[in-house]
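Undergrad: Have a look at this one.
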């Protein structure tokens, strides 16, 4: 009988360790832009679709508002985003990019390619990895 509690037999550990390695790799490139990895993720969402509510950002990034609000406050202090109460519903805080936040897109554009090259994965392996991790993230839906 196999020992189910052996580290080598777990799926959680390689996922955890790989996530940390990939985040550290991104951070090597993000430091030049004075961004943290979570800030980069917020910018990715806003570059794709400007003007998001905090709840919309949280849904897309799988973060609760308690985690996201301090992050957005720091980004606002760096003049990357603007936070504003909705004119329709004052309970809703809307997030938009500033000029500076928009300008970072061009500087950040090479990062995914650089990360991919450093990982040493083929295009097919990269796509497979993405598909499997997305499946894991959405297993409850």
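Undergrad: I need a count of the residues in the stretch 6-39 that are within 20 Å of residue 103 (Cβ to Cβ) and surrounded by 12 or more Cβ atoms within 10 Å (Cβ to Cβ). Can you show your working first?
TA: First, the residues of the stretch 6-39 that are within 20 Å of residue 103 (Cβ to Cβ): 26, 29-39.
Then drop every residue that is not surrounded by 12 or more Cβ atoms within 10 Å (Cβ to Cβ), which leaves 26, 29-30, 33, 35-39.
The number of residues fulfilling the criteria is 9.
Undergrad: When only residues in the stretch 71-83 that are touching a helix residue (DSSP H, G or I) at 6+ places or on another chain (Cβ under 8 Å) and assigned to a helix (DSSP H, G or I) count, which is surrounded by the most Cβ atoms within 10 Å (Cβ to Cβ)?
TA: 75
Undergrad: Only one of (1) surrounded by fewer than 12 Cβ atoms within 10 Å (Cβ to Cβ); (2) not in a loop (DSSP other than H, G, I, E, B) is not met by residue 102, so which one is it?
TA: (1)
Undergrad: Something else about it: Which of (1) loosely packed, with under 11 Cβ neighbours inside 10 Å; (2) touching a residue at least 60 places away in the same chain (Cβ under 8 Å) is the odd one out, the single condition residue 119 does not satisfy?
TA: Failed condition: (1).
Undergrad: Another question, if that's okay. From 63, 43, 35, grab the single residue that is assigned to a loop (DSSP other than H, G, I, E, B), at pLDDT 95 or above and under 28 Å from residue 132 (Cβ atoms).
TA: Details: 63 fails: at pLDDT 95 or above; 43 fails: assigned to a loop (DSSP other than H, G, I, E, B).
The match here is 35.
Undergrad: Could we say that residue 86 is loosely packed, with under 12 Cβ neighbours inside 10 Å, in contact with a strand residue (DSSP E or B) (Cβ under 9 Å, 6 or more places away or on another chain) and touching a residue at least 24 places away in the same chain (Cβ under 8 Å) here?
TA: Working: loosely packed, with under 12 Cβ neighbours inside 10 Å: yes; in contact with a strand residue (DSSP E or B) (Cβ under 9 Å, 6 or more places away or on another chain): yes; touching a residue at least 24 places away in the same chain (Cβ under 8 Å): yes.
Yes; evaluated as a whole, the condition is true for this residue.
Undergrad: Sticking with this structure for a sec: Restricting attention to the stretch 58-70, and to residues there that are closer than 19 Å to residue 101 by Cα and either more than 12 Å from the chain's Cα centre (by Cα) or in contact (Cβ under 8 Å) with a residue 40 or more places away in the chain (or both), which single residue is surrounded by the most Cβ atoms within 10 Å (Cβ to Cβ)?
TA: Among them, the one singled out is 69.
Undergrad: Among the candidates 51, 55, single out the residue that is under 23 Å from residue 134 (Cβ atoms) and surrounded by 12 or more Cβ atoms within 10 Å (Cβ to Cβ). Walk me through it before giving the result.
TA: Values: 51 fails: under 23 Å from residue 134 (Cβ atoms).
None of the others qualify; the one that does is 55.
The values are calculated or read from the model by the stated rules, or taken from the named source; none is laboratory data. Just so it is clear, the structure is predicted and the values come from calculations on it, not from any experiment. So basically every Cβ, Gly included, is an ideal-geometry build from the backbone, and we count neighbours across all protein chains shown.
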